[in-house]
Amino acid sequence: MVIKMEYEKKKIKLEKKDYAKIVQCIIVFVVLFLFVQRKFYQKDGAILWERLFQMTAWTALFVWLLLEHRVEALCKKYQKISACVMFAVMPVLLFYNLEIMCNSELKEFGRKKIVMNLLIIYLLGAVLLLLINRTRTTLKILTVLLTALGVTNIYLMKFRGMSLMAADFFSIKTAANVANNYNYSLKWRILYGVYVAFLFWMMLNKVPSHKAFEKKVRIGYLTITVCCVGIFYGVFFHTNFVKDYVRVKMRYSASKKQGNMLTLLYSVKQMQVEKPDGYSEEELKSLMASYEKEAEEYNTGLSSGDDVNIIAIMNEAFSDLAENVELTEDNMPYIHGLTENTIKGNMYTSVFAGNTANTEFEFLTGNTMAFVPPNTIPYQLYVRGEYPSLTRTLQAQDYQGNMAIHPFKGNGFNRPSAYSSLGFETFLDQDAFTDPTYVREYISDSSSFQKIIECYEQTGQKPFFAFNVTMQNHSGYDYGNFETPIQLKDAPGKYKETEQYLNLIKKSDEAFEELTDYFSQVNEKTIIVMFGDHRPGVESSYYDMIAGKSKSQLSEEEYMQRYKVPFIIWANYDIDEAYLDKISANYLSSLVLETAGCEMTGYQKYLSDLRDDIPAITARGYWGENGTYYELDDETSPYWDEVQEYHCIQYNNMFDKRETGFFFLNK
């Protein structure tokens, strides 16, 4: 196609590629104008050299647009040199694009972490080059992979406050079950990162496509690459170099302070479970024997009263987000008003806005995620065979039912296999519900609790035990077909996701009242414990508002408030009322057994005693009896020895030859 134009009797021919170049220039200027209008480059955390990097990207594009033919000619003339330059420069540009895209705190990285991230990217590129043998194609694939990682981590940080980890690849099926229920609205950081990657892609098109190595040279390159990867693998995975020298720590926002690639690869290393320092089987046997004896004495001293039904409910995303704000009406009037025959308070979890199964793992087993590799799901990796649990302790005391109920797809988190190992005799998923009521797209708490009642009535012999994991309050919270009469009094409509969530909790409150009303009229003694699995993934700005400061300004102890959920133990008979300011999920089942007057294993008695000194412990840290918060690796803590002792006991339970008599009842 040739377009002819006349100007002062001179003919100017615009070819098709010139027309395309004009369109590209217009697109670049429009997008750049939008970014400037949004003042994107002035967002919190941006520092001078980040802006310089962004300016360099734009400058490189414009230079290419203005000198396109000359650049292309130079690349063709010096193919090998241009390929080497691009292979040396592109990983650096892609690294900074990835971190700026994810709003990482680059000034916190330090040289060592930056070098490690770049080394990982260069090695990945080297392996791809070995397989593909084309420099341009290799760099294009690297661009796609790192940009995709950036987009993934932006959404993961939004939904659960944690970037992609190696263990997430074991949860793909679970993620697929709920993927459609999240809000994937485009963020300016995503548009920015994808756009810069697009510029890199266009610049790569100037590099001629040719074989990187001839056959003989490729064999030498193979040898060098294998040696480099082998050395890196040995140092990274089989020494403490990264932990002690580079100072990598796997916390829940680790990627923001040490890089996305380094965090992802280190999460692979973290899946290798090592014996705790000072682990001694002989010392453990002596400690366990003492607690077995203490548990026997405790069990012998129990009164031979009526058996107690136990119903445990882990309520999806159940939390009290209105603690520090005023609502147009109370969204938990029933639960807030319960005092008689009630124990309630604050429970701290190890997860935020996701990985539900880890809270139920802590509750059912008494193990803590503090000593499990970050972001792993024990149900998928570690729960095998006959596994010690609350269920097995109750089975040993002739409890009936022993069923798990979850009104959603049953295959999530490997639950069928895990529940079988934990001793559940029946698992009822959404297929077991007939004509349930729905709230949004999920089976309601009311229907879920009605299923408990139905199972209780069908179980002829007592005492009865059931464990219910609800689904009604699952994210997202932007459904348009859900009314929200309860609003924030001082900012109605400002936090729409939060207000939808608060109204969902009102329905949970009403359903819990229905359940307790029913069991208040049965003859058998009954205890119902309900707790949240984690806080919901509503607007981060709302969490900032109720905290009075942004997430980046919070101390570790202040940040733990985002892991606080309510728990309540209700009984239809006289029990001692109490309010516990702090407890964690790993202790809750022992507290339930103690309240119900049930026998306990040596492990459960150990946990009951440990709670006196360490009231709450999670994957982030713990509180001591003195009220002080400590990080898990704080060796100056007065509770350090007790934490290490707990670590050793749990290692024996999960990864070593388990001391059966300590973890099981009557074995």
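Considering only DSSP states other than H, G, I, E and B, which GluC sites (Glu not before Pro) in the stretch 559-606 qualify as loop sites with at most 15 other Cβ atoms within 10 Å? Loop-located and lightly packed - GLU577. Of the listed residues VAL469, VAL268, VAL217, the order by accessible area with a 1.4 Å probe, largest first, is VAL217, VAL268, VAL469.
Subtracting the Cα-Cα distance from 0.36 nm times the residue separation, let me have the gained length for VAL273 to PHE237 in nm, one decimal. Numbers along the way, then the final one.
Numbers: separation 36, 0.36 × 36 = 12.96 nm, distance 1.17 nm.
Extra length available between VAL273 and PHE237 comes to 11.8 nm.
If I stretch the segment between GLU294 and TYR221 completely, what's the gain in nm (0.36 nm per residue apart, minus their alpha carbon distance), one decimal? The partial results should precede the final answer.
On the way: separation 73, 0.36 × 73 = 26.28 nm, distance 6.46 nm.
The span from GLU294 to TYR221 would gain 19.8 nm if fully extended.
Taking a Cβ cut-off of under 12 Å around PHE200, the surrounding Lys, Arg, Asp and Glu residues balance to a net charge of +3, with basic ones at +1 and acidic ones at -1.
Given R₀ = 25 Å, FRET efficiency for GLU539-GLU483 by Cβ-Cβ distance, to 0.05?
Here the calculated transfer efficiency is 0.85.
Here LYS462 is the anchor, and the aspartates and glutamates within straight C-alpha reach of less than 16 Å, apart from those fewer than 8 places off in the same chain, are ASP306, ASP307, ASP398, GLU425, GLU454, GLU524. The shape of the stretch 510-667 can be summarised by an equivalent ellipsoid whose semi-axes, obtained from the alpha carbon gyration tensor, come to 29, 27, 13 Å from longest to shortest.
If the segment from ASP612 to ILE81 were pulled out straight at 0.36 nm per residue, it would be longer than the present Cα-Cα gap by 184.4 nm.
With unit charges on the beta carbons (Lys and Arg positive, Asp and Glu negative) and the dipole taken about the Cα centre of the stretch 306-457, which residue among TYR382, PHE424, ASN355 sits farthest to the positive side? Going by the charge dipole, the pick is TYR382.
Only lysine pairs 8 or more places apart, or on different chains, with alpha-carbon atoms under 23 angstrom apart are counted in the stretch 229-320, and they number 11.
Max-minus-min Cα coordinates of the stretch 454-559 on each principal axis give 54, 36, 21 Å, with the largest extent listed first. When nucleic acids and ligands are ignored and a 1.4 Å probe is applied, LEU593 ends up with an accessible area of around 0 Å².
The figure for ARG562 is an accessible area of roughly 20 square angstrom, using a 1.4 Å probe on the protein chains alone.
Overall, the stretch 375-465 carries a charge dipole of about 300 debye about its Cα centre when +1 sits on the Cβ of Lys and Arg and -1 on the Cβ of Asp and Glu, all other atoms neutral. Note: the stretch 244-342, Cα convex hull, 260 Å³ per residue.
I'd like the carbon and sulfur percentage of the solvent accessible area for the stretch 290-439, probe radius 1.4 Å, heavy atoms only, ligands and nucleic acids excluded. In the stretch 290-439, the share of accessible area belonging to carbon and sulfur is 42 percent. Ligands, DNA and RNA excluded, the heavy atoms of TYR399 present near 10 Å² of accessible surface to a 1.4 Å solvent probe.
So for the stretch 536-604, what are the equivalent ellipsoid semi-axes in whole Å, largest first, each being the square root of 5 times an eigenvalue of the Cα gyration tensor? The partial results should precede the final answer.
Values: eigenvalues 229, 40, 19 Å².
Semi-axes from the Cα gyration tensor: 34, 14, 10 Å.
Ignoring ligands, DNA and RNA, how do TYR334, TYR646 rank by accessible area with a 1.4 Å probe, largest first? Each step should come with its number before you reach the end.
Working: TYR334 45, TYR646 5 Å².
Greatest to least solvent exposure: TYR334, TYR646.
So which chymotrypsin sites (Phe, Trp or Tyr not before Pro) in the stretch 571-616 end up in coil per DSSP with only 16 or fewer other C-beta atoms within 10 Å?
Numbers: sites: TYR573, TYR579, TYR587, TYR603, TYR606; in loops: TYR573.
When the chymotrypsin sites (Phe, Trp or Tyr not before Pro) of the stretch 571-616 are filtered for loop state and at most 16 Cβ neighbours within 10 Å, TYR573 remain.
Using the structure shown, select from LYS187/LYS489; LYS187/LYS496; LYS451/LYS525 the pairs with a Cα to Cα distance greater than 27 angstrom.
On the way: LYS187/LYS489 29 Å; LYS187/LYS496 18 Å; LYS451/LYS525 19 Å.
Check vs 27 Å cut-off fails for LYS187/LYS489.
Let me check something: with ligands and nucleic acids excluded, how do ILE141, ILE452, ILE114 order by accessible area (1.4 Å probe), largest to smallest? Before the final figure, lay out each step's value.
Working: ILE141 60, ILE452 0, ILE114 30 Å².
These residues rank, largest area first, as ILE141, ILE114, ILE452.
The accessible surface of the stretch 445-552, taken with every protein chain in place and a 1.4 Å probe, is 41 percent carbon and sulfur. Say R0 is 35 Å: what FRET efficiency, to the nearest 0.05, do GLU283 and ASP576 get from their beta-carbon distance? Calculated transfer efficiency: 0.45.
The values are calculated or read from the model by the stated rules, or taken from the named source; none is laboratory data. Quick caveat, the model's predicted, so the values are computed rather than measured. With ideal geometry, Cβ positions are generated from the backbone for all residues, glycine too; neighbour counts draw on all protein chains shown. SASA here: full protein model, heavy atoms, side chains in, ligands and nucleic acids out. Shrake-Rupley method; radii C 1.70, N 1.55, O 1.52, S 1.80 Å.
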